[in-house]
Every structure is written in structure tokens, then in C-alpha cells.
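Student: Questions regarding the structure given below will be posed in turn.
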Amino acid sequence: MATKDTLTSDDWIKAAFRALTEGGVQAIRAEAIARDLNVSKGSFYWHFRDVPDLKAQMLSHWAREATEAIIAEVESHEVPADKQLRLLVDSATNDRNLAYGGMLTEGAIREWARFDAAAATILKSVDERRIAYVADLLGRCGFSSIRSRSGANALYGALIGLEALAAGGLADLRGDLLGLLETLLRSCDAGAE
């Protein structure tokens, strides 16, 4: 059995995301998560003041790990912007989210944000950051500022939709997203001719 000393706040946050993904925001409860982690509910309070504190830390963690960490990882590769875009798609579609509940996690966060102002604020900030980053990369590939933003919206919107389709076995998340990216990049090349 795990103890309060062996579990980190990240372990609790990952378990809370799994609860969110499986049961919605109402499933984020100290008792249920403690049961999932096979620890006493008391160890929850070792890391968090209360459930609202856990939720706030979940959102902060998500913004940091699912956005800023991925951008930093992509930027650490000193390669042309088109290769960075491919790395970004790989990072956004790899298995890093399995510990958080899989590919349905982002959809669960979006659902949470429909009814919670704090979640909606963080979601909007994350969406804006991600779109701006993709637009910047597209700009570095030679797209105009208008086409960069439009392409970023299309690629990011496709990611959101393809996650839902892939969860139902109706799409190949990485393959389809890479296919769209290649089409976007070819359209820039064609426009340059």
C-alpha cells in the first residue's frame, strides 16, 4: 500500500485526471481518488488543502505539462520550423497522456470548462497559447500572418476533433493530423511558386 510519503502531488493529480476522464468533474473527490491510489483519505490533505485546491493544481499542472513543457521540448530541437511542427504533432499525439486518462482527458477538461469559470479561463489561455505557437511555427515556414493563424486554427481544431474520433476508433489521430499538416505545408510551398 502506498503511503503519504511515497505519493507525490503529481500522483494525486494524475489520479484526479483519470477520475475526471472516467466520471466527469463530479468524480474529483478525495475519498474516491484515495481509494484509486490505495491510500487513506488523510494522505490527500498532505498535498492539498481541499478539493478546490486540487482542482486548481490540476489545471495549472495541465497548462504546464500539456502545453509549456511540450513547446519547450519542441523548441529544444534546433531544426527548421516544418520539422518542429512534425515534432509538435508527435508530442501532442504520443502516449504521455495515458497516465492522465488517455486521449479523452482534453475532452473532459473542455467539458469541465463549460460549467466552471476557473477551468474556462485556463482552457482559453491554453488554447490561445497553443494556437499562437502553431501560428508562429507556420509563420517561420513562410505563411503570411493571416494564413498562419488560419492554418493554426485548422490544425488545432483538427486535433480537438480527431481526439474524439480516435477515441471511438474512427480516426488515426497522429496519421490524420500529420496528413493535414503536410497538406498545409504543401499549400505554403504552392503559394510560393
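Student: Taking the Cβ of ASN153 as the centre, find all other residues whose Cβ is under 11 Å away and add up their charges (Lys, Arg: +1; Asp, Glu: -1). Walk me through the numbers before you get to the answer.
Tutor: Values: positive: ARG130, ARG147, ARG149; negative: ASP127.
Net charge in that neighbourhood comes out at +2.
Student: Compute the signed sum of charges (Lys and Arg +1, Asp and Glu -1) over the other residues within less than 14 Å, Cβ to Cβ, of LEU173. Before the final figure, lay out each step's value.
Tutor: Numbers: positive: ARG96, ARG174; negative: ASP90, ASP95, GLU106, GLU163, ASP172, ASP176.
Taking every Cβ under 14 Å from that of LEU173, the sum is -4.
Student: For GLU128, what accessible area in Å² do you get when you roll a 1.4 Å probe over the heavy atoms of the protein chains, rounding to the nearest 10?
Tutor: Looks like 100 Å² after rounding.
Student: Taking the Cα centre of the chain as the origin and placing charges on Cβ (Lys, Arg +1; Asp, Glu -1), which of GLY151, SER76, PHE115 is farthest toward the positive end of the dipole?
Tutor: So the residue furthest toward the plus end is PHE115.
Student: Å³ per residue of the Cα convex hull, for the stretch 83-140? Can you show the working numbers first?
Tutor: Values: hull volume 4.2 nm³, N = 58.
Taking only Cα atoms, the stretch 83-140 has a hull volume of 73 Å³ per residue.
Student: Next question. What percentages make up the Cα-Cα pair-distance distribution of the stretch 15-113 when the bins are 10 Å wide from 0?
Tutor: Pair shares across the bins are 15, 40, 28, 13, 4, 0.
Student: Is the C-alpha gyration tensor of the chain telling us rounded, prolate or oblate? Criteria: a/c under 1.5 is rounded; beyond that, a/b larger than b/c is prolate, otherwise oblate.
Tutor: Because a/c hits 1.5 or more and a/b exceeds b/c, the chain counts as prolate.
Student: Quickly work out the ALA56-to-LEU98 label distance, labels modelled 7 Å from Cα along the C-beta direction, and quote it in nm with one decimal.
Tutor: Calculated label separation equals 3.4 nm.
Student: Relative contact order for the stretch 89-157: what is it in percent, counting Cα pairs under 8 Å that are at least 6 residues apart?
Tutor: Averaging sequence separation for qualifying contacts and normalising by length gives 19 percent for the stretch 89-157.
Student: Can you give me the relative contact order of the stretch 1-113 as a percent, contacts being Cα pairs under 8 Å and 6 or more apart? Write down the numbers at each step before the final one.
Tutor: Details: 90 pairs, mean separation 40.0, N = 113.
Normalised by residue count, the contact order of the stretch 1-113 is 35 percent.
Student: Compute the long axis of helix 173-192 from its Cα atoms, compare it with the longest principal axis of the Cα atoms of the chain, and write down the angle in degrees, 0 to 90, nearest 10.
Tutor: 30
Student: If you filter the stretch 14-95 for GluC sites (Glu not before Pro), then keep DSSP loop positions with at most 13 other Cβ within 10 Å, what is left? Walk me through the intermediate numbers first.
Tutor: Numbers: sites: GLU22, GLU31, GLU65, GLU68, GLU73, GLU75, GLU78; in loops: GLU78.
Those satisfying the criteria are GLU78.
Student: Hey, another quick one. Show that you can apply the helix-only estimate: for the chain, add -39,500 (n - 2.57) for every DSSP H stretch of four or more residues, divide by all residues, and state [θ] at 222 nm to the nearest 500. Mind showing how you got there, number by number?
Tutor: Values: 10 runs with 137 residues, N = 193.
Calculated from helices alone, the mean residue ellipticity at 222 nm is -23000 deg cm²/dmol.
Student: Near GLN84, within a Cβ-to-Cβ distance under 13 Å, what is the net charge of the other residues, with Lys and Arg +1 and Asp and Glu -1? Write out the running numbers ahead of the final one.
Tutor: On the way: positive: LYS83, ARG86, ARG140; negative: GLU73, GLU75, GLU78, ASP82, ASP90, ASP136.
Surrounding charge for GLN84 is -3.
Student: Still on this structure, I have one more. Taking 0.36 nm per residue of sequence separation and subtracting the Cα-Cα distance, how much length would be gained by fully extending the chain between ILE160 and ILE146, in nm to one decimal?
Tutor: Using 0.36 nm per residue and subtracting the Cα-Cα distance, I get 2.9 nm.
Student: Right, something else. At a probe size of 1.4 Å, how large is the accessible area of LYS41, to the nearest 10 Å²?
Tutor: 80
Student: In what order, largest first, do MET58, MET103 sit by accessible area if the probe radius is 1.4 Å? Mind dumping the intermediate values first?
Tutor: Values: MET58 0, MET103 70 Å².
Final ranking, largest accessible area leading: MET103, MET58.
Student: Next question. Filter the trypsin sites (Lys or Arg not before Pro) in the stretch 116-149 down to the DSSP loop ones having no more than 14 other Cβ atoms within 10 Å, then list what survives. Intermediate results must be reported in sequence, preceding the final value.
Tutor: Numbers: sites: LYS124, ARG129, ARG130, ARG140, ARG147, ARG149; in loops: none.
Passing both the DSSP loop test and the Cβ count: no residue.
Student: Order HIS47, HIS77, HIS61, most accessible first, counting only protein heavy atoms with a 1.4 angstrom probe. Let's see the in-between values first.
Tutor: Values: HIS47 45, HIS77 80, HIS61 5 Å².
Descending accessible area places them as HIS77, HIS47, HIS61.
The values are calculated or read from the model by the stated rules, or taken from the named source; none is laboratory data. These figures come from a predicted structure and were not determined experimentally. Quick reminder, even Gly has a Cβ in these numbers, built from the backbone with ideal geometry, and neighbours come from all protein chains shown. Just the protein is used for accessible areas: all its heavy atoms, side chains included, with ligands, DNA and RNA removed. Shrake-Rupley method; radii C 1.70, N 1.55, O 1.52, S 1.80 Å.
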